[in-house]
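Working notes, beginning with the structure itself.
The values are calculated or read from the model by the stated rules, or taken from the named source; none is laboratory data. No experiment lies behind these values; they were computed from the predicted model shown. Cβ placement follows ideal geometry from the backbone for every residue including glycine, while neighbour counts extend to all protein chains displayed. Keep in mind that these areas ignore ligands, DNA and RNA; they rest on the heavy atoms of the full protein, side chains included. Shrake-Rupley method; radii C 1.70, N 1.55, O 1.52, S 1.80 Å.
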Amino acid sequence: MRILSIETSCDETAVSIVEVDGEFPTATYTLVGNALFSQVDLHKEYGGVFPQLAKREHAKTLVPMLEKALREAELLEPGTTDIDDEGALREILSREDNLGDDLITFLQKYSLPEIHLITVTTGPGLEPALWVGVSFAKALAIVTKAPVVPTHHMGGHILASLYDVEVDDALAPIQFPALALLVSGGHTELILMKNWGQYEKVGQTRDDAVGEAFDKVARLMGLPYPGGPEIGRRAAIARTAGLPPYGDKVLPRPMIHNDDFDFSYAGLKTAVRNLVGDKTLSEDEKNALSRDFEDAAIESLYAKTLKAIDHFGIATLIIGGGVSANAFLRQTFTEKLLTTHPHIEVYLPHRHLSTDNSVMIALAGHAQLATARTAGAIAFIRADGNRSL
Ligand code: KG4
Ligand code: ZN
């Protein structure tokens, strides 16, 4: 089965072609074409993602990404693709700037290969950004006659962490109940996975997401967006150099001793703001404060995750989402965790699959198709359907 997957929930425009051999969860997933454009430079000057700007960029970039993914997969054939109903295709893309024209021009130039399934992120994410991807999927469904599976972005992050792209192109076998710690720009949550598709949210942030805290704290220090990678880099320098803490107060570890599995990051961000005030920090001070913040942020994640592992009797821990790219987080949840919990299997995504991508949307769409079929309920997106998700 050949899957074409689309991700446009935030500021990455991504299209992948994945060849699937077998049934979920034991299938082999060969990534034959992968194209991703990050809009980060565009959003940098605003210090965050602007939904309308993201939408425009997705509309501009989707056809080039489709072309790139097909070329990489060696499936880009010169020729023409028949469009049965050009009017319907134009109608679907009528609110997406030039995307309709761009797609039709593309289809007049190339003959699309056979596609068996289209998977597209339908949430969570920025609404205007999501719509471009969904409309594009619907338009491609008209041309390819492939069904479209609406796909959950966070479910994608979970599967990305299990996907071994370097060794066997397969998903790691896991033991249920498993626990997923999802850490991104919009989410910080602990998911108890009782089985495939049977997910229960057992903890979440009560205010800011941890990635959002990285980004906001970076901004307070005058560091560029996205703040996560920059803070991680500086924190590592501070640790190697053994820099003393910035300021004389230890940063708070919010909710660390509470009885639940929830998180909170707004207080930590405010504590950093109070510490920095309107001072201009030296490079050493920025590095030290990055490390102090990272210590506090990761310690809260670690404490609550450990609590959940013990409470639910977990043997498989999956960590996914953009913040899972963080080196200190990776070290904490592997080396440190194994000193007290040697029996735990920890799965982290390949570095290229930590942040948003469309490979994870192919995996999650295929998984959703299988689990929903078992439950007898799969709601395909219809090309002629209305715009409700
Ligand atoms: O999953 P993702 O790409 O997008 C969302 O679904 O939100 O996550 C983006 C978040 C941003 O907040 C970014 O600062 C953070 O992941 N991030 C990191 C690192 N790389 C990305 N945070 C800490 N350390 C990193 N190395
Ligand atoms: Zn994400």
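Key figures for this structure:
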{"quantity": "Per residue accessible area in Å² of region 276-317, where ligands, DNA and RNA are left out and the probe is 1.4 Å", "calculated": "36 Å²"}
{"quantity": "Accessible area per residue, Å², region 8-107 with all protein chains present, probe 1.4 Å", "calculated": "48 Å²"}
{"quantity": "Relative contact order %, the chain, counting alpha carbon pairs below 8 Å whose residues are six or more apart", "calculated": "21 percent"}
{"quantity": "Under the Karplus curve 6.51 cos²θ - 1.76 cosθ + 1.60, θ = phi - 60°, whole-Hz ³J(HN,Hα) for region 118-135, x wherever Gly or Pro sits", "calculated": "10, 10, 9, 5, 10, x, x, x, 7, 3, x, 6, 4, 4, 4, x, 5, 5"}
{"quantity": "Mean-position separation - Cα centroids, region 295-347 and region 203-260, in angstrom", "calculated": "17 Å"}
{"quantity": "The chain: radius of gyration and largest Cα-Cα distance (Dmax), Å", "calculated": "21.7, 69"}
{"quantity": "Two-decimal Rg to Rh for region 73-158 - Kirkwood Rh, Cα set", "calculated": "0.99"}
{"quantity": "Order by protection proxy (mean Cβ within 10 Å, highest first), peptides 9-21, 40-52, 98-110", "calculated": "9-21, 98-110, 40-52"}
{"quantity": "Lys, Arg +1 and Asp, Glu -1 on Cβ, resulting dipole of the chain about Cα centre, debye, nearest 20", "calculated": "840 debye"}
{"quantity": "Ratio of Rg to Rh over region 183-282 (Cα coordinates, Kirkwood Rh, two decimals)", "calculated": "1.04"}
{"quantity": "Reference-scaled alpha-carbon Rg (2.2 N^0.38 Å with N residues) for region 223-267", "calculated": "1.49"}
{"quantity": "Accessible area of the chain belonging to carbon and sulfur atoms, whole % at 1.4 Å probe", "calculated": "50 percent"}
